[in-house]
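The values are calculated or read from the model by the stated rules, or taken from the named source; none is laboratory data. All values derive from a computational prediction rather than experimental measurement. Ideal geometry is used to build each Cβ from the backbone, glycine not excepted, and the neighbour counts take in all protein chains shown.
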Amino acid sequence: MTTVIDLTAELAKLTMCRGRTPQTTSADRVGTSAQLAPYRDGAIFTGKFSGKGAWERHMQGDELVHILDGSATLDIVTGDGPPQSLSVRAGMVAIVPQGAWHRFQSSEGVTLMTATPRPTDHIRLDVDDPRKVEPQPV
């Protein structure tokens, strides 16, 4: 079955989640993100936010992230080294490797679309290095 998504129409339904934190609940994010369609072992998602997201990782595969509007910092931990911070902006795509802890921060706001494998582990604490905290499966 072929799925066609009107991305412009779907994004128009969303509002910006301002001041997002790792502790922001799903209830607080209602209307700021959406699951667009199932995809492989996960789904296609979109979201709009400013602030800092929770650390997350996907043990079943890489995550594809397309920055649609705005800009953000992608904090990512690969291997044994310290977390790295990468600047991403509209038009860029990031491929987050399987099992890599990552989060997004945006002071002005970012709109992104992801192809996200499931399950996802989260750390809902504001920590600099997620490897020092026990993850919470979602």
Conditions (1) touching a Ser or Thr at 6+ places or on another chain (Cβ under 6 Å); (2) surrounded by 15 or more Cβ atoms within 10 Å (Cβ to Cβ) -> G31 fails only (2)
Wholly inside the range 58-138, strands (runs of 3 or more DSSP E) that include 1 or more residues that are without any contact (Cβ under 8 Å) to a residue 40 or more places away in the chain are 63-77, 84-89, 93-96
If we keep only residues of the range 126-138 that are hydrophobic (A, V, I, L, M, F, W, C) and more than 24 Å from T15 (Cα to Cα), then the residue modelled with the lowest pLDDT is V133
Among (1) among the hydrophobic types (A, V, I, L, M, F, W, C); (2) under 22 Å from G19 (Cβ atoms); (3) crowded, with 16+ Cβ neighbours inside 10 Å, V77 falls short only on (2)
| query | Is one or more of the residues making up the range 107-120 over 26 Å from I5 (Cα atoms) and either crowded, with 19+ Cβ neighbours inside 10 Å or modelled with pLDDT under 95 (or both)? | reply | no
The number of residues in the range 59-82 that are among the small types (G, A, S) and under 23 Å from V110 (Cβ atoms) is 4
Per the filter on the range 16-70, residues aromatic (F, W, Y), closer than 11 Å to T116 by Cβ and within 13 Å of the chain's Cα centre (by Cα) are F45
The lone condition L11 fails out of (1) assigned to a helix (DSSP H, G or I); (2) within 12 Å of L112 (Cα to Cα); (3) without any contact (Cβ under 8 Å) to a residue 60 or more places away in the chain is (3)
Going through the range 14-36 in order, the residues found to be at positive phi and not in a loop (DSSP other than H, G, I, E, B) are G19
